[in-house]
Structure formats: structure tokens, C-alpha cells
Amino acid sequence: STPVHSDTSPMTLTRYMIQVAMDNTDLEHMQDMQSLMSSIQLACKKIASLVQRAGITNLTGYEDSGSINVQGEEQKKLDVLSNEVLKNALRYSGKMGVIASEEEDEPVMVDEVYSGNYVAVFDPLDGSSNIDAGIATGTIFGIFVQNTGCLASDWESKIDETELTCLYNTMQPGANLVAAGYCMYSSSVMMVLTTGHGVNGFTLDPQIGEFVLTHPQITIPSRGKIYSFNEANSPQWDPVLRDYVEKLKTGDNRAGVKYSSRYIGSLVADVHRTLLYGGVFGYPGDQKNPNGKLRLLYECAPMSFIVEQAGGIATTGKERVMDVIPDAVHQRMPLIIGSKDDVQELLDMYAGDK
Ligand code: AHM
Ligand code: MG
């Protein structure tokens with residue numbers, strides 16, 4: 001149904017989640033999603049305000065302690081703070097069992113008092129290298145139901161039992177996600193969300209402090225005119241991908257159209273543009289980094305869930321991203337994502353190359 005934009009009864013994210021719960025009384029996780037999303041949207045509003053005021057409040061730049069995360073990256077002040085904000089919001093939702101974040105070495109078990117049975121995976125402030133220049137950033141999140149099945153049995157010898165259970169619970173393929181979304185901090189603050197029934201976009205109305213449904217049932221155009229890769233890496237790409245991008249540049253592709261190039265270097269913003277305008281975004285593997293740069297659990301999988309729900313394709317180049325069973329929390333995965341026809345053309349080129 002069409003959302004109501006009148007001042008008196010906007011379809012807020014809160015109201016939307018209540019509706020989702022009422023429409024799915026048979027699904028337990030849909031009931032819990034209401035309080036989970038209420039925690040997540042609060043965290044995102046807080047992060048939005050931190051990001052917007054960072055230059056004024058001396059929150060730009062790196063942590064004074066020079067702290068480095070498990071992936072060897074220097075942490076920015078806002079990375080650390082956003083992680084705390086999101087972690088605490090989720091903890092107090094009373095629904096979380098395990099939280100895994102880009103900024104945490106290992107997944108964190110939520111204290112028993114606040115504990116529930118969901119797993120949240122998130123990148124609290126993706127693209128933070130852009131922040132000091134005022135470029136768009138975003139929060140990415142995914143929610144799983146806790147899984148007691150073992151997916152990484154050879155870890156047993158290395159870590160203690162609590163950690164093990166904890167890890168097992170986070171090690172799930174994207175196909176198991178019950179919800180995923182991102183919040184983009186840009187010229188406007190937007191929350192884009194899927195619970196597996198399409199994708200909806202909500203814009204933060206600063207006047208009332210609420211996310212309002214502005215983009216109901218987003219579908220990605222079946223073909224776009226934009227490609228988005230860090231082309232500085234192209235000398236290390238495989239020849240098929242190089243050839244594909246060359247065809248997009250010259251117009252010698254199935255659409256017979258010359259493409260434009262857009263690359264922000266912020267996953268959320270690049271995927272958001274791709275979702276709305278169509279085209280293809282990729283962070284492929286290359287000779288130096290065979291698995292690319294983006295992290296499977298809290299970057300690739302949630303984005304893939306969203307784009308698939310909008311009618312697009314997300315692939316590693318070899319398989320569907322959603323089907324990849326993770327074997328490490330911070331594992332990287334090549335990602336090619338976007339319009340159905342654009343991504344399919346590349347997949348067909350790979351198939352023909354075999
Ligand atoms: P981060 O999680 O350390 O911020 O890195 C992820 C970001 C993505 O937002 C973006 O797509 C990518 O890194 C850009 O990488 P590059 O600078 O190599 O093009
Ligand atoms: Mg990131």
C-alpha cells in the first residue's frame with residue numbers, strides 16, 4: 001500500500017515494524033524484530049549525530065591510543081565510538097545472544113541478564129576513511145537466529161568452549177539472515193531494510209527525529225549505466241573482469257551502451273546508488289588479495305540480501321554470496337553486486353571463459 005506522507009500520520013520505521021509484526025504473527029522472529037529495530041534505529045540516529053558533529057566535537061581523526069583492530073587497521077575515534085553505541089543499543093534490546101562487529105576481534109557474548117537468542121553482525125561505521133572529508137559513510141547490519149549447529153569444527157582445539165559456542169553462532173551463511181540493512185550518513189540519513197519481503201527505504205526527518213518511509217518496495221533497475229570499481233586495482237584483476245569493464249567503457253556490451261564510472265569508496269553509498277540507479281558495483285579479488293577487501297559476514301552478506309531482495313544479483317564471481325558458509329568472522333570475500341542483467345553478463349563471460 002502507498003505510504004501516507006501527510007504531517008499527521010507518517011509511516012515511521014517504528015510503525016512499519018509494528019505492522020510487520022502484526023502481519024506475521026506466526027513468525028516468532030518477526031515479533032522480536034520490532035524491539036531489535038528499535039535499538040538499531042536509535043543507535044543509527046546517535047551515530048548520525050556523532051558523524052555530523054565530528055568536526056565540531058573533535059571526533060575526527062584516529063584514536064589517541066593509536067589502537068589497531070584485529071585486521072591491522074588503525075581505528076578512527078568514530079569507529080570505536082560507533083561500535084560502542086551499536087553494541088550497547090543491541091545489548092539492551094534484550095534480544096541478542098552474540099554480537100560480531102568489524103571493530104571486535106572476536107564475537108561478543110551478551111551478558112546473561114540482557115541475553116536473547118539472536119546474532120547481530122555489523123560494521124558500525126563503514127567507509128570511515130572518508131569521514132574527515134565529509135564524504136558519505138554507513139552502518140551495515142545483519143541479524144541471524146542463533147544456530148547451535150557446528151559449521152567450523154576444526155576450531156575446537158584452538159579456543160575455549162564459551163568462545164567456541166559463541167563463534168558457532170555467528171558462523172552462518174547469508175541465506176540464513178532474517179533481516180539486514182544499512183543506514184547511510186550522507187546529504188540525508190537513510191535506513192534501508194529487508195526482513196525478507198522486499199526492501200524498504202526510510203529517510204530520517206530531522207524535524208521529528210524519526211525515520212519515515214520514503215522509498216517503499218525498492219526494486220533495482222534490471223540494467224544500469226554505471227560501473228563502480230576501484231579501477232586502480234585493475235592491473236591485478238583477472239582478464240575476464242578487465243575485458244568486462246572495457247566493454248562497459250566502449251559500449252561493446254549487451255546493452256550497446258557506454259557506461260559512466262562512479263566510485264565513492266564507501267560501500268554503503270556505492271551500493272545505495274547502485275540500488276536506486278542500477279549498474280554494477282564490485283570489489284573483486286585480485287592477484288595481491290585473492291579475496292578482495294570486503295568482509296563476508298558484516299559487509300557482503302547483508303548487502304547481498306538487500307540487493308537480491310530488490311531483484312538484483314550478488315556473486316563472488318564463482319558462487320552466490322548468500323550461499324558462502326563463513327569459516328572466520330573477519331573473512332574477506334570478492335563481491336560483484338548490482339542489476340540483474342549487468343551482473344549476469346559478467347557471470348556469462350566467466351562461464352564462457354571456462
Ligand atoms: P572499512 O570497513 O575499513 O571502512 O573498509 C571498507 C571500505 C568500503 O566501504 C569500500 O567499498 C572499500 O573499503 C573501499 O576500498 P578501497 O579504498 O580499496 O577502494
Ligand atoms: Mg567496513
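No value in this document is a laboratory result; all are computed from the given coordinates. Not measured: the values here are computed from a predicted model. Glycine gets a Cβ as well: all are built from the backbone with ideal geometry, and neighbour counts include every protein chain shown.
Here's the list of lysines a cross-link from residue 95 could span, going by alpha-carbon distance under 27 Å and ignoring same-chain residues fewer than 8 apart: 45, 46, 87. For residue 225, put the label point 7 Å out on the Cα→Cβ axis and report which residues of region 269-295 keep their amide N under 13 Å from it. Only 277-279 pass the distance filter.
Sequence-ordered 3J(HN,Hα) estimates for region 212-227 from the Karplus curve with 6.51, -1.76 and 1.60 and θ = phi - 60° stand at 10, 4, 10, 10, x, 6, 5, 10, 7, x, 5, 8, x, 10, 10, 10 Hz, glycine and proline given as x. Counted by neighbouring Cβ atoms within 10 Å, the residues 313, 56 run from fewest to most as 56, 313. Ordered by the count of other Cβ atoms within 10 Å of each Cβ, fewest first, 347, 125 give 347, 125. At the listed q of 0.24, 0.25 Å⁻¹, the Debye profile of region 15-103, built from one uniform point per Cα, gives log10 I(q)/I(0) equal to -1.14, -1.19.
With +1 on each Lys and Arg Cβ and -1 on each Asp and Glu Cβ, how big is the dipole of the chain about its Cα centre, in debye rounded to the nearest 20?
Details: 27 positive and 45 negative charges, 268 e Å.
Around 1280 debye, computed over the chain.
Global dimensions of the chain from alpha-carbon coordinates: Rg and Dmax equal 19.8, 60 Å. In the elastic network of the chain, a GNM with C-alpha springs shorter than 10 Å, the most mobile of 317, 196, 138 is 196. Taking amide H positions as placed in the peptide plane 1.01 Å from N, state which residues far from residue 324 in sequence (5 or more) or on other chains have amide H under 5 Å from it. Here 174 satisfy the definition.
Applying 1/(1 + (r/R0)^6) with r as the Cβ-Cβ distance of residue 257 and residue 52 and R0 = 51 angstrom yields a FRET efficiency of 0.85.
What does the extension gain come out to for residue 68 and residue 8, with contour length at 0.36 nm per residue minus their alpha carbon separation? Present the calculation step by step, with values, prior to reporting the outcome.
Values: separation 60, 0.36 × 60 = 21.60 nm, distance 4.75 nm.
That works out to 16.8 nm of additional length.
Taken over region 213-354, the percentage of Cα pairs per 10 Å bin, counting from 0 up to the bin with the maximum distance, is 12, 46, 35, 6, 0. In this label model, residue 288 and residue 215 are separated by 3.1 nm, measuring between points 7 Å along each Cα→Cβ vector. Using C-alpha pairs under 8 Å with a sequence gap of at least 6, the mean separation divided by the residue count of the chain gives a relative contact order of 15 percent.
Return, ordered by residue number, the residues of region 300-315 whose backbone nitrogen is under 15 Å from a label point located 7 Å along Cα→Cβ of residue 24. In region 300-315, the label zone of residue 24 (backbone N under 15 Å from the point 7 Å along Cα→Cβ) covers 305-306, 309-310.
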